[in-house]
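The values are calculated or read from the model by the stated rules, or taken from the named source; none is laboratory data. What you see is a predicted model, and the numbers here were worked out from it, not measured in a lab. For neighbour counting, all protein chains shown are included, and Cβ atoms are generated from backbone atoms with ideal geometry for every residue, glycine included. All accessible areas refer to the heavy atoms of the entire protein, side chains included, with ligands and DNA or RNA removed. Shrake-Rupley method; radii C 1.70, N 1.55, O 1.52, S 1.80 Å.
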Amino acid sequence: MGLISSPKTVSFAIPGKGQFRIGDLIPLEIEVSGIKVPVNSVQADIGFDPNALSVVDISTKGSFANVFIQKEIDNEGGWARLTGGLANPGYFADHGTFGTVYFKTKQAGLTTVRFLSSSMVLANDGRGTNVLKDYPTFSYMVIPEKISPAEEQGQLKLLSETPTPILRAEAGEGIPEGAQLKFFDDTKPSVLGVGSQVVPEPKENPKLPFLEWIKNFDSRIISFWQKLL
């Protein structure tokens with residue numbers, strides 16, 4: 001049709017270095033930068049060492065997106081995903097916050113967090129071009145000192161006092177301005193394949209099944225956005 005693909009210019013920002021104690025909460029802001037054309041959907045897949053970190057929550061408070069179709073957390077396998085976006089004309093600014101992942105430190109040492117290659121930022125160019133150009137990796141240093149029980153309670157209270165606005169609308173209902181529409185139950189922990197069951201012991205190479213799963217699921221994610229937007 002003569003359409004020109006949008007250039008790959010978008011990156012996920014790498015957070016500044018910091019030092020944390022065992023039991024600390026680490027807010028990882030998923031910030032998208034380098035936007036040169038409007039974008040209308042983002043899939044942020046994050047990998048981490050489940051022996052060193054766990055994800056306690058993924059917040060969409062303050063996000064430029066207002067429709068979210070997936071939030072998955074697997075603290076056994078060591079990965080998390082947030083997928084969402086917004087309708088035409090999309091989002092166009094030099095940078096913006098998509099969501100925030102809250103990690104909890106579990107053991108001392110240097111630990112690595114990375115954006116997986118299944119992550120996507122799709123342009124609102126009529127073709128759904130993935131304009132994400134790289135998948136950064138960064139590290140956190142955790143010292144052996146543990147936080148106090150009072151500090152831990154304060155951190156959990158902070159999370160509970162900043163709930164994400166949720167609109168649970170049926171198909172055909174109007175969406176109030178500024179509301180967020182979610183297609184998942186945000187009242188329960190979101191652990192793929194586990195639900196309310198007891199989490200099994202970690203397996204060898206736990207990330208490989210997830211990588212195979214996301215290859216099959218990504219095409220359905222793109223198809224959803226094409227129909228919705």
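Based on the Cβ-Cβ distance from Ser148 to Ser117, what FRET efficiency comes out when R0 is 41 Å, to the nearest 0.05?
On the way: r = 39 Å, r/R0 = 0.96.
After rounding, the FRET efficiency stands at 0.55.
Ala93 versus Lys106, label points 7 Å from Cα toward the beta carbon: distance in nm?
Distance between label points: 3.5 nm.
Tell me, what % of the accessible area of region 1-146 is carbon and sulfur with a 1.4 angstrom probe?
Values: 3050 of 5890 Å².
Looking at region 1-146 in its full context, I get 52 percent from C and S.
Would you pull out the residues with amide H under 5 Å of Phe20's amide H, same chain only if 5 or more places away, H placed 1.01 Å from N?
Answer set, sorted by chain and number: Met141, Val142, Ile143.
Can you check what the net charge comes to around Asp24, using other residues whose Cβ is under 14 Å from the Cβ of Asp24 (Lys, Arg +1; Asp, Glu -1)?
Values: positive: Arg21, Lys104, Lys106, Lys146; negative: Glu145, Glu151, Glu152.
For residues surrounding Asp24, the net value is +1.
When only alpha-carbon atoms count, how far does region 30-117 stretch along each of its three principal axes, as whole angstroms with the largest first?
So the extents along the principal axes, rounded to whole Å, are 44, 24, 23.
Mind listing the long-range amide H neighbours of Leu116? Cut-off is under 5 Å, sequence gap 5 or more, other chains count too, H placed in the peptide plane at 1.01 Å from N.
Correct list: Asp45, Ile46, Gly47.
With charges set only on the Cβ (+1 for Lys and Arg, -1 for Asp and Glu), what does the dipole of region 1-84 come to about its Cα centre, in debye to the nearest 20?
Values: 7 positive and 9 negative charges, 77 e Å.
For this selection, approximately 360 debye.
Among Lys17/Lys133; Lys106/Lys133; Lys106/Lys157; Lys71/Lys157; Lys157/Lys182; Lys104/Lys157, which pairs are too far apart, with a Cα-Cα distance over 25 Å?
Details: Lys17/Lys133 22 Å; Lys106/Lys133 32 Å; Lys106/Lys157 19 Å; Lys71/Lys157 22 Å; Lys157/Lys182 23 Å; Lys104/Lys157 14 Å.
Listed pairs above 25 Å: Lys106/Lys133.
Rounded to whole Hz and in sequence order, give me ³J(HN,Hα) for region 140-150 from the Karplus expression 6.51 cos²θ - 1.76 cosθ + 1.60, θ = phi - 60°, writing x for Gly and Pro.
10, 9, 10, 8, x, 5, 9, 6, 7, x, 5
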